[in-house]
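Q: Let me begin by handing over the structure; questions about it come next.
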Amino acid sequence: KRTKKLPEITDDEKPFKIPDSWEWVRLGDLSTVLNGDRGKNYPGKRYWINDGVPFVNAGALGSKLINKAALNYISDERFKLLRAGFIKQNDLLYCLRGSLGKIAISNINKGAIASSLAIIRCFDKNMVTYLFWLLKSPISKQYIKKYENGTAQPNLSAKSIEKFEVPLPPLAEQKRIVAKIDQLMATIH
């Protein structure tokens, strides 16, 4: 589904050995990574209202889903002025600045993201939870260390997230992995 080819993953980039039935792919081969609108219509705090269209920032990313109690809202008119960063159900929302690597799955149908976030929209919705757990795992810290820009305020770009190396098992195995993680997480919560 990608139009522009991402670089092949070299042997040096593969952080560990994977089973023969798996493959190494770039996150951008599995998804589209989208930024929010950072232009003149960006809805800063002065545009926030008590109820309306959800405007999601890092503070609203819960342990797995968007924490609806922590959402900010903007008017439908302000939302319609935006040119990018529109959230759909099952998008992965990934923090680019501040709480680098914080991630949640979108459980809302309409909304927009703050400039500190990116949307990872999977081509195959069956992969959403697998990629969520992968990006929440310790390997994500390695990605951040490798791709963050190293300035005083570390941050990532959408382009760098596309380059993340993903160990991709067959779909049936992804589902078994997710089921096991969900089972384990239920025992500790």
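The values are calculated or read from the model by the stated rules, or taken from the named source; none is laboratory data. Because the structure is predicted, anything quoted here is derived from the model rather than measured. We place every Cβ from the backbone using ideal geometry, glycine too, and count neighbours over all the protein chains shown. Accessible surface areas use protein heavy atoms only, side chains included; no ligands, DNA or RNA. Shrake-Rupley method; radii C 1.70, N 1.55, O 1.52, S 1.80 Å.
Q: Placing +1 at every Lys and Arg Cβ and -1 at every Asp and Glu Cβ, with all other atoms neutral, what dipole size does region 3-78 have around its Cα centre, in debye to the nearest 20? Mind dumping the intermediate values first?
A: Numbers: 12 positive and 11 negative charges, 97 e Å.
Dipole about the Cα centre, nearest 20: 460 debye.
Q: Something else about it: In region 1-104, which GluC sites (Glu not before Pro) fall in coil by DSSP and have 16 or fewer other Cβ atoms within 10 Å? Please list the in-between numbers first.
A: Details: sites: E8, E13, E23, E77; in loops: E8.
Of the GluC sites (Glu not before Pro), the ones in loops of region 1-104 whose Cβ has at most 16 other Cβ atoms within 10 Å are E8.
Q: Have a look at G44, V33, N126 and report the one farthest towards the positive end of the charge dipole of region 23-135, computed about the Cα centre with Cβ charges (Lys/Arg +1, Asp/Glu -1).
A: Among G44, V33, N126, the one farthest towards the positive end of the dipole of region 23-135 is G44.
Q: 7 Å from Cα along Cα→Cβ at both R176 and T151: what's the point-to-point distance in nm?
A: About 4.5 nm separates the two model spin labels.
Q: How high is the relative contact order of the chain, in percent, counting Cα pairs under 8 Å that sit 6 or more residues apart? Display every interim value, and only then the final one.
A: On the way: 337 pairs, mean separation 51.6, N = 189.
For the chain, the relative contact order is 27 percent.
Q: Taking loop as defined by DSSP and a crowding limit of 13 other beta carbons within 10 Å, which chymotrypsin sites (Phe, Trp or Tyr not before Pro) in region 41-144 fit?
A: Values: sites: Y47, W48, F55, Y73, F79, F86, Y94, F123, Y130, F132, W133, Y143; in loops: W48, F123.
Sites meeting the loop and neighbour criteria: F123.
Q: Could you work out what % of the accessible surface of region 37-189 is carbon and sulfur, using a 1.4 angstrom probe and leaving DNA, RNA and ligands out of the count?
A: That share works out to 55 percent.
Q: As a quick test, which of the pairs K14/K102; K110/K141; K102/K175; K110/K159 have an alpha carbon distance above 27 angstrom in this structure?
A: Numbers: K14/K102 23 Å; K110/K141 30 Å; K102/K175 22 Å; K110/K159 24 Å.
With Cα atoms farther than 27 Å apart: K110/K141.
Q: Simple spin-label model, 7 Å along Cα-to-Cβ: V25 to F123 in nm?
A: So the label points at V25 and F123 sit 0.6 nm apart.
Q: Which of the trypsin sites (Lys or Arg not before Pro) found in region 11-92 are loop residues per DSSP with 15 or fewer other Cβ atoms within 10 Å of their Cβ? Don't jump to the answer; show the numbers that get you there.
A: Details: sites: K17, R26, R38, K40, K45, R46, K64, K68, R78, K80, R83, K88; in loops: K17, R38, K40, K64, R83, K88.
Filter output for region 11-92: K17, R38, K40, R83, K88.
Q: Quick check: convex hull over the Cα atoms of region 147-189, volume per residue in Å³, rounded to an integer? Don't skip to the answer; put the middle values down first.
A: On the way: hull volume 5.1 nm³, N = 43.
So the per-residue Cα hull volume is 118 Å³.
Q: Also, quick follow-up: Enter the accessible area per residue of the chain (Å², integer; probe 1.4 Å; all protein chains in place). Don't jump to the answer; show the numbers that get you there.
A: Values: 10170 Å² over 189 residues.
Accessible surface, normalised per residue, equals 54 Å².
Q: Expressed as a rounded percentage, what relative contact order does region 54-120 have, with Cα pairs under 8 Å and six or more residues apart? Please list the in-between numbers first.
A: Numbers: 136 pairs, mean separation 27.8, N = 67.
Taking the mean separation of contacting Cα pairs over the length of region 54-120, I get 41 percent.
Q: Which whole-angstrom value gives the distance between the alpha carbon centres of region 124-189 and region 1-51?
A: Cα centres, region 124-189 to region 1-51: 11 Å.
Q: When the dipole is taken about the Cα centre of the chain, and only Lys, Arg (+1) and Asp, Glu (-1) are charged at their Cβ, what size is it in debye, to the nearest 20? If you can, show how the numbers build up before the last one.
A: Numbers: 31 positive and 18 negative charges, 112 e Å.
Charge dipole of the chain: 540 debye, to the nearest 20.
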